[in-house]
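First comes the structure, then the notes that go with it.
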Amino acid sequence: MTRVELLPTAQQMREADAAAIAAGTPGFVLMTRAGEAVASVAESMVTPGAQVLVVAGPGNNGGDGFVAARILQDREYRVILALATARDRLRGDAAKAAEGWVGEVTPVQAAPFESADLIVDALFGTGLGRDLAGDARLAIERINASGRPVLAVDLPSGIDSDSGEVRGLAVLADRTVTFAARKPGHLLLPGRRFSGLVEVADIGIDAQAPGADRIATFANRPALWSGALPRPHLGSHKYERGHTLVLSGGATRTGAARLAARAALRIGSGLVTVASPPEAIGVNAAHLTAVMLRGCEGPEGLHAILQDQRFNALVLGPALGVHAATRAMVAVATLARRSLLLDADALTSFEGLASEMHQAFHHAPTVLTPHDGEFNRLFKGHPDLLDPPSKLERARRAAAYTGAVLVLKGMDTVIAAPDGRAVINENGTPYLATAGSGDTLCGIIAGLMAQHMPAFEAACAGVWIHAAAGASFGPGLISEDLADLIPNVLSDLLN
Ligand SMILES: NC(=O)C1=CN([C@@H]2O[C@H](COP(=O)(O)OP(=O)(O)OC[C@H]3O[C@@H](n4cnc5c(N)ncnc54)[C@H](OP(=O)(O)O)[C@@H]3O)[C@@H](O)[C@H]2O)[C@@H](O)CC1
Ligand SMILES: Nc1ncnc2c1ncn2[C@@H]1O[C@H](COP(=O)(O)OP(=O)(O)O)[C@@H](O)[C@H]1O
Ligand SMILES: [K+]
């Protein structure tokens, strides 16, 4: 929890590997340490003397498998080594590791998958370069059909290290031992689901320095943003803690705004006002206490309210309606240059009109919070933003395109900044998939921005706090609960 966790790309791992070798640790020593780590986790998964099937591929991932096989054999496990390539095609350290294996080498077609007590998947790791076919694919089909416990070396074979995508087919592992650092593919779906429990083994490589491409991806941990969390001081007055304005929908669609407003107040925004269309004033008034209420009719109404400079953060979108008036409100809010959060209908109103958002948000802190459906609608007609199979890449490109911080929601929420920084969240719970939970997230993030937290940090913190609040409640969670769970999460973070 206390350290920032960089998730290196496969390329950054190769650079870190080369740096360790240049600093005096031979590649074969790194491979030996990797194989030792695999062997010790394997031992923890079986009883003494168990039958372990190591399935090795053509590269260094296979090399790690050969080392692990030798160690387990020395420790008197019954090891069978199945190789998914011709032995004479092994090169470099992998060939050297294979020389250390004195047992038989079984072709994968003949390997006893179903009778193994444990299968060690050492087919492919960070070097997977294309969709699977041939012997390797057959081996994965057999592993998955066997029903036996599986330990993956570095990554479940078939999972793309950078994107978490399945390249044709992938091993469904119970556990994964990875080296030096987790990779984005361990946190992004579907890779996260295929990886099982992931352990990181220190093999003497420093993978925490971004590589030459400088594009850094991090796991969402408090260490990234807790220093920027707002902390009121003795002399703080409420206006210093910001004033969040949340736009309400019409008479039958007011709940979303109130959920966001309450969350903004709980996260510490000094004041929160719901701006309501005249016909919904009554229903909003009946439900609001600490949150204030103002009448607001359309874009002109919003323009008039924003003459008061103290409104410094806005939530626009939840239940506002999909129409031109919502687009006009977004234009008013953008011109007003306040911290701005756009969600739901504010995004869907721009369906097929994303070009109107091109570089629109560079002038003030702006956060967009689409789920996949909203993202796909918003960027319809922009294959460069929609087509990359990697969620990380889609979010990064959309952030660069709009100039806003992009929060692409889901179980593996990605937060991307226009400058290329990106963060993957992992502390959520499926209980957050409940009506109104996204509205609460809007209020949390806007409330943090109202307190002058920078947009990217506010988005990362907001996503984490929202998820921690949901997870702390668990079964039965409804979105009305979420705001009131924030204080406990906050006090853990601030103390
Ligand atoms: N970096 C480090 O710090 C350390 C890394 N270590 C370990 O090395 C692993 C990375 O090794 P790696 O680079 O040799 O790649 P790896 O994953 O074995 O696969 C490459 C091979 O697969 C082949 N191939 C690719 N796609 C294919 C496909 N679809 N279908 C069929 N073949 C395919 C490809 O062949 P080619 O593309 O050349 O035809 C090549 O032969 C890493 O995950 C970790 O376990 C540790 O030892 C210690 C330190
Ligand atoms: N399976 C899941 N695991 C973790 N978080 C989830 C899951 N499903 C949804 N969420 C989170 O719940 C929230 C739902 O938001 P959204 O889809 O906008 O719902 P709504 O419009 O009903 O408020 C998002 O923050 C999303 O990341
Ligand atoms: K593997």
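The values are calculated or read from the model by the stated rules, or taken from the named source; none is laboratory data. Quick caveat: nothing in here was measured; it's all calculated off a predicted structure. Glycine also receives a Cβ, built like all others from the backbone with ideal geometry; neighbour counts cover every protein chain displayed.
Worth pointing out:
- The stretch 94-114: number of residues that are within 16 Å of ligand 3 (Cβ to nearest atom) and touching a strand residue (DSSP E or B) at 6+ places or on another chain (Cβ under 6 Å): 2
- Enumeration of residues in the stretch 70-89 that are among the small types (G, A, S) and under 16 Å from I143 (Cβ atoms): A82, A84
- Residue, nearest to ligand 3 (Cβ to nearest atom), within the stretch 115-138, restricted to residues that are of a type in the set (V, I, T) and under 13 Å from A173 (Cα atoms): V120
- Residue identified as of a type in the set (A, V, I, L, M), at pLDDT below 95 and either out of contact with any Asp or Glu (no Cβ under 6 Å at 6 or more places or on another chain) or more than 13 Å from ligand 1 (Cβ to nearest atom) (or both) among A39, A116, A97, A86: A86
- In the stretch 347-374, the qualifying residues are those that are without any contact (Cβ under 8 Å) to a residue 40 or more places away in the chain, part of a helix (DSSP H, G or I) and away from ligand 2 (no atom under 12 Å from the Cβ), and the one that is farthest from A313 (Cα to Cα) is S355.
- A275 falls short on exactly one of the conditions (1) assigned to a loop (DSSP other than H, G, I, E, B); (2) over 32 Å from the mean Cα position of the chain (by Cα), and that condition is (1).
- The residue list A145, A181, A152, A209 contains one member that is in a loop (DSSP other than H, G, I, E, B), modelled with pLDDT of 95 or more and over 19 Å from P389 (Cβ atoms), which is A181.
- Count - residues of the stretch 39-71 that are without any contact (Cβ under 8 Å) to a residue 40 or more places away in the chain and away from ligand 3 (no atom under 16 Å from the Cβ): 7
- Applying the condition of being out of contact with any Gly (no Cβ under 8 Å at 6 or more places or on another chain) and of a type in the set (G, A, S) to the stretch 377-398 and asking which residue is surrounded by the fewest Cβ atoms within 10 Å (Cβ to Cβ) yields A398.
- Candidate set: the stretch 422-437, residues that are of a type in the set (V, I, T) and closer than 24 Å to W225 by Cβ; chosen: the one nearest to ligand 3 (Cβ to nearest atom): I424
Residue by residue, here is whether (1) crowded, with 19+ Cβ neighbours inside 10 Å; (2) under 33 Å from the mean Cα position of the chain (by Cα) holds:
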{"residue": "M45", "(1), (2)": "no, yes"}
{"residue": "P58", "(1), (2)": "yes, yes"}
{"residue": "N61", "(1), (2)": "yes, yes"}
{"residue": "D64", "(1), (2)": "yes, yes"}
{"residue": "R70", "(1), (2)": "yes, no"}
{"residue": "Y77", "(1), (2)": "yes, no"}
{"residue": "D88", "(1), (2)": "no, no"}
{"residue": "A98", "(1), (2)": "yes, no"}
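- Residue within the stretch 290-300 that is within 16 Å of L368 (Cα to Cα) and modelled with pLDDT of 95 or more present: no
- Scan the stretch 130-151 for residues that are in contact with a strand residue (DSSP E or B) (Cβ under 6 Å, 6 or more places away or on another chain) and either of a type in the set (D, E, K, R) or near ligand 1 (Cβ under 10 Å from one of its atoms) (or both) and the total you get is 1.
- Residues that are under 27 Å from S40 (Cα atoms) and in contact with a helix residue (DSSP H, G or I) (Cβ under 6 Å, 6 or more places away or on another chain) within the stretch 123-142 comprise L123, F124, G125, T126, A139, R142, listed in sequence order.
- Near pairs, Cβ below 6 angstrom, 6+ apart or cross-chain, from the stretch 1-29 (in the same structural domain as I159 (by TED's automatic domain parsing) and within 16 Å of ligand 2 (Cβ to nearest atom)) to any residue that is among the aromatic types (F, W, Y) and part of a helix (DSSP H, G or I): none
- Index of the failed condition, L265 passing every other in (1) part of a loop (DSSP other than H, G, I, E, B); (2) buried (at least 18 other Cβ atoms within 10 Å of the Cβ); (3) not polar (S, T, N, Q): (1)
- Identity of the residue in the stretch 105-144, without any contact (Cβ under 8 Å) to a residue 60 or more places away in the chain and among the polar types (S, T, N, Q), that ends up nearest to ligand 2 (Cβ to nearest atom): N144
- Listed by first and then second residue, the pairs linking a residue in the stretch 148-163 that is touching a residue at least 24 places away in the same chain (Cβ under 8 Å) to a residue that is more than 16 Å from ligand 2 (Cβ to nearest atom) and basic (K, R), with Cβ atoms under 7 Å apart and 6 or more places separating them unless they lie on different chains, are L151/R175; L155/K183; G158/R167; D160/R167; S161/K183.
- Each residue in the stretch 311-346 was checked for being closer than 22 Å to A459 by Cα and within 16 Å of ligand 2 (Cβ to nearest atom), and 12 of them qualify.
- Some residue of the stretch 4-23 being within 30 Å of L493 (Cβ to Cβ) and not in a loop (DSSP other than H, G, I, E, B): yes
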